[in-house]
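Report on the structure given below.
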Amino acid sequence: MTVALTGRCAFRFWLAGATVSTLGDSLGFFALSWVAAGHGPGVASLVLTVESVPLCLLILVGGAVADRFGIRAVMIGCDAFMVAVTALFALGALVAVPVWSLVAVALLSGIAAALRRPAALVFPRMFATGDELSRTMATTTLCQQLAQTAGPSVGGVLLAAGGLALTAGVDATSFLLVLVVLLAVRPPLEPPASEPGTSIGRALAAGLAAARRTPGA
């Protein structure tokens with residue numbers, strides 16, 4: 001079931017959830033990095049690397065998956081996955097935070113972010129056209145940047161107040177919030193998913209071929 005929201009109202013509803021989710025991402029990444037640094041520079045480097053590598057390797061796959069299954073569906077799937085990951089991590093952090101759990105969460109977060117990012121970049125464009133689109137994108141960018149900037153400060157406060165368990169719990173809540181928003185709102189310009197017979201590998205190859213043909217790509 002979807003909420004009957006249209007026009008700017010639907011966009012504002014989504015933007016509020018997306019901004020909170022970005023704040024959760026930022027504070028979660030800060031907390032994970034901070035705790036990893038406490039185990040030494042080697043662990044900190046490993047955590048940062050395993051989260052960053054999927055963004056380089058899988059982001060094109062994320063675009064092909066979004067074309068195949070639908071932009072909104074991919075975002076919902078990735079956010080539901082991260083609700084489970086961060087919630088389990090928060091519960092585990094109440095007992096202990098072994099190094100392997102930091103690496104696992106970083107890796108899973110990186111994979112989900114890589115698959116989700118192409119869809120997330122397109123999603124706000126499905127709320128407006130023409131002059132309204134430029135205002136929509138500018139507002140989205142501003143809110144996202146503010147949330148990313150505030151994340152480390154909020155993460156530091158949460159770490160001091162309740163440790164990694166509290167921080168991961170807040171991160172999980174932010175994923176849950178944007179998941180509820182995505183389930184409730186359908187943007188007016190949402191394109192249909194591709195035909196069921198479309199191969200993701202074939203779509204990925206077509207995208208790479210188009211990039212090679214595009215000047216400056």
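Could you list, in sequence order, all residues of region 89-105 that are assigned to a helix (DSSP H, G or I) and among the hydrophobic types (A, V, I, L, M, F, W, C)?
The answer is Phe89, Ala90, Leu91, Ala93, Val99, Trp100, Leu102, Val103, Ala104, Val105.
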Check: Does Gly17 meet the test of being part of a helix (DSSP H, G or I), open to solvent by less than 20 Å² (accessible area, probe 1.4 Å) and small (Gly, Ala, Ser)?
Finding: yes
Checklist line | Filter result for the condition that a residue is farther than 24 Å from Ala161 by Cβ, open to solvent by less than 60 Å² (accessible area, probe 1.4 Å), among the aliphatic types (A, V, I, L, M) and at pLDDT 95 or above, over Val85, Val65, Val103, Val61 | finding: Val103
Next item on the list: Could you tell me whether any residue of region 71-81 is of a type in the set (A, V, I, L, M), over 22 Å from Ser153 (Cβ atoms) and over 12 Å from the mean Cα position of the chain (by Cα)?
Entry: yes
Checklist line | Top-ranked residue in region 1-11 [being exposed (fewer than 14 other Cβ atoms within 10 Å of the Cβ) and in a helix (DSSP H, G or I); ranked as modelled with the highest pLDDT] | finding: Cys9
Next item on the list: Could you give me the residue pairs with C-beta distances under 8 Å whose first residue belongs to region 107-119 and is surrounded by 21 or more Cβ atoms within 10 Å (Cβ to Cβ), whose second residue is modelled with pLDDT of 95 or more and of a type in the set (D, E, K, R) wherever it lies, and which are 6+ apart or on separate chains?
Entry: Arg116/Asp79
Notebook entry, point to check: Limited to region 122-147, what total is found for residues that are small (Gly, Ala, Ser), within 18 Å of Glu190 (Cα to Cα) and either open to solvent by less than 50 Å² (accessible area, probe 1.4 Å) or in contact with a Pro (Cβ under 9 Å, 6 or more places away or on another chain) (or both)?
Noted result: 1
Next item on the list: Scan region 45-83 residue by residue and report those that are closer than 25 Å to Pro192 by Cα and among the charged types (D, E, K, R).
Entry: Asp67, Arg68, Arg72, Asp79
Notebook entry, point to check: Is there a residue in region 21-43 that is without any contact (Cβ under 8 Å) to a residue 24 or more places away in the chain, surrounded by fewer than 15 Cβ atoms within 10 Å (Cβ to Cβ) and either hydroxyl-bearing (Ser, Thr, Tyr) or not in a helix (DSSP H, G or I) (or both)?
Noted result: yes
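The values are calculated or read from the model by the stated rules, or taken from the named source; none is laboratory data. Just so it is clear, the structure is predicted and the values come from calculations on it, not from any experiment. Positions of Cβ are generated from backbone atoms using ideal geometry, with glycine treated the same way; all protein chains shown enter the neighbour counts. Heads up: the accessible areas ignore ligands, DNA and RNA and are worked out on the full protein's heavy atoms, side chains in. Shrake-Rupley method; radii C 1.70, N 1.55, O 1.52, S 1.80 Å.
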